[in-house]
Amino acid sequence: MLTTRQVEVWHDPQGRFMTCDAPVLVPFKRNVRPSLMAAPYIIWPVSPRRVVALSNDMAGEKAVIRQATGKLVGIVREGVEQGRERMIFASEEQRDRLPNGKRFGRRAHMRLRCSDRTPGGEYVPPPGCCLEWSEAFATGPDVALCNQGLHSPAPEM
């Protein structure tokens, strides 16, 4: 699955990349983390000037070096802010790009959904269902399960 991706090294002479305590990141799309197959990038910020990215945006080469654009720096910054566990590591020059004196209210949490379809699109007749597990960028777990009697209540979620 990852062998079909293009390896990219993003270079930023200005040193605008930051990282976190969970440094291999799959950026969220509309506050839901996509699967590894669907993610446009899997990124690993390795220094303020370098990011290694596995990209679905094939340029005809197996590996490329890209000059960092504002868009790529933004993808990394947002991925770090959303993908961190507890800490973000940034240089002194980068600190003004982080919320100052404010705690992050959201982070990656479990997301559960029921569906009457399998991942392959096959129909699951009642009382059955197929459970989708993913991650959401939210203030707490995001759980919406069906009421067909197959799930135990979990009010603390």
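Every number here is computed from the coordinates shown, using simple stated rules; none is lab data. Note that the coordinates shown come from a computational prediction; the quantities given were computed from them, not determined experimentally. Every residue, glycine as well, gets a Cβ built from its backbone with ideal geometry; the counts of neighbours run over all protein chains shown.
Average projection, convex hull of the Cα set of segment 48-134: 9.4 square nanometres.
Roughly how big is segment 58-98's charge dipole about its Cα centre, with Cβ charges of +1 (Lys, Arg) and -1 (Asp, Glu), in debye to the nearest 20? Present the calculation step by step, with values, prior to reporting the outcome.
Details: 8 positive and 7 negative charges, 25 e Å.
My answer is approximately 120 debye.
Placing pseudo-labels 7 Å out from each Cα toward the beta carbon at residue 65 and residue 145 gives an inter-label distance of 5.2 nm.
Distance between the modelled labels on residue 118 and residue 58, one decimal in nanometres: 2.8 nm (7 Å Cα→Cβ projection).
Summing -39500 (n - 2.57) over the DSSP H runs of n ≥ 4 in the chain and dividing by its residue number, what mean residue ellipticity at 222 nm do you reach, to the nearest 500 deg cm²/dmol?
Working: 1 runs with 14 residues, N = 157.
Taken over the chain, the calculation gives -3000 deg cm²/dmol.
Bridge orientation summary for segment 2-97: considering DSSP beta bridges with both residues in this region, about 75 percent are antiparallel. In the list [x] 61; [y] 47; [z] 58, the label attached to percent of Cα pairs over 19 Å apart as derived from the coordinates here is [x].
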